[in-house]
1. Label points 7 Å out from Cα along the Cβ direction at residue 5 and residue 176: separation in nm?
2. Angle between the Cα long axis of helix 280-292 and the longest principal axis of the chain, 0 to 90 degrees, nearest 10?
3. Which whole-angstrom value gives the distance between the alpha carbon centres of segment 278-299 and segment 322-338?
4. Given a cut-off of under 8 Å on Cα pairs at least six residues apart, what relative contact order in percent is computed for segment 1-151?
5. Given the Cα-Cα distance of residue 209 and residue 164 and 0.36 nm per residue of separation, how much length would full extension add, in nm?
6. Using a 10 Å cut-off around each Cβ, can you sort 27, 283 from fewest to most neighbouring Cβ atoms?
7. Relative to the first principal axis of the alpha-carbon coordinates of the chain, what is the inclination of helix 116-127, with its axis defined by its Cα atoms, in degrees from 0 to 90 and to the nearest 10?
8. Just report the Cα centroid separation between segment 300-315 and segment 98-139, whole Å.
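Since every read-out is calculated from the coordinates, none of them should be taken as a lab result. Just so you know, these numbers come straight off a predicted model, no measurement behind them. With ideal geometry, Cβ positions are generated from the backbone for all residues, glycine too; neighbour counts draw on all protein chains shown.
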Ligand code: KG4
Ligand code: ZN
């Protein structure tokens with residue numbers, strides 16, 4: 001405790017960002033350090049788990065030291081240590097978890113394990129000081145696409161998820177097919193602005209009536225087939241048009257299901273979270289649909305959309321306030337359910 005405020009030191013290492021943050025009273029960011037490995041994994045076209053673990057190991061202590069220093073506190077000032085324990089890459093998770101446990105043991109601080117998706121949702125509490133549950137959340141990243149009913153700070157119910165690829169994964173795969181580079185999401189977001197979303201039509205996959213699940217694996221094949229048939233016919237492929245068409249097909253489904261879920265379940269707010277939440281077209285389309293249905297839309301700043309530890313610190317704070325504690329037997333769970 002410092003200045004009477006409850007402080008959280010948080011650590012996140014579930015994928016390719018080594019991150020640590022110090023948060024006051026759950027929502028006030030005192031420091032938010034992110035050491036990204038994107039440049040390293042770029043050359044492989046995606047995250048290589050073994051390489052990610054090694055870099056986490058090299059960086060984690062420096063990142064934690066920086067977070068404490070920038071916040072102007074020491075480990076003794078901190079009231080708890082929050083850490084992501086799943087889902088994610090097991091080797092990557094283990095580095096953050098072992099570090100958090102070591103600090104908890106050495107400084108005699110409570111340890112709070114956080115679900116990565118719950119963290120993404122909590123990024124919105126940091127961004128929007130007035131935001132309170134309940135609401136409908138859309139968590140959309142490289143690893144997840146979930147519609148989540150958030151009942152209170154610590155109770156979430158997953159209403160639907162992807163049956164194959166996550167939305168971000170589809171963006172990354174299609175970007176690779178189009179020769180755009182990695183990570184593909186921001187590149188497609190940008191180039192699609194120059195294209196016509198109606199020039200090339202891809203199938204919208206809604207699955208069974210009433211289902212809030214998604215399936216995005218077919219669209220990559222759809223894009224590949226389109227490119228091949230155009231090439232065979234000797235026609236030139238317009239990358240902006242394909243990117244715009246792909247994005248329209250994916251986002252039509254996501255927006256319809258998310259807004260439908262909020263309306264059906266009587267929610268008046270939709271909260272966006274995860275890396276793909278930075279997508280400009282998704283935000284525009286959701287803004288429009290939300291306005292039609294009298295819903296308010298919330299989303300975090302880009303730095304809080306992608307993986308960071310501030311969001312983990314916020315989630316840990318609310319668990320701590322509810323009396324939840326973990327101990328040193330806490331294990332990394334790569335496929336942890338919400
Ligand atoms: O949340 P995140 O940083 O990591 C995971 O937990 O997966 O999300 C990364 C994903 C990548 O697939 C990336 O391509 C996608 O988010 N992404 C975007 C945009 N910015 C990042 N996708 C679409 N449009 C964007 N502007
Ligand atoms: Zn994430």
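1. Each label point is offset 7 Å from its Cα along the Cβ direction, giving 4.3 nm.
2. For 280-292 against the chain, the angle is about 90 degrees.
3. 33 Å
4. Values: 276 pairs, mean separation 35.0, N = 151.
Averaging sequence separation for qualifying contacts and normalising by length gives 23 percent for segment 1-151.
5. Values: separation 45, 0.36 × 45 = 16.20 nm, distance 1.83 nm.
Value of the extension gain: 14.4 nm.
6. Ranked by crowding around the Cβ, least crowded first: 283, 27.
7. 80 degrees
8. Between the Cα centres of segment 300-315 and segment 98-139 lies a distance of 9 Å.
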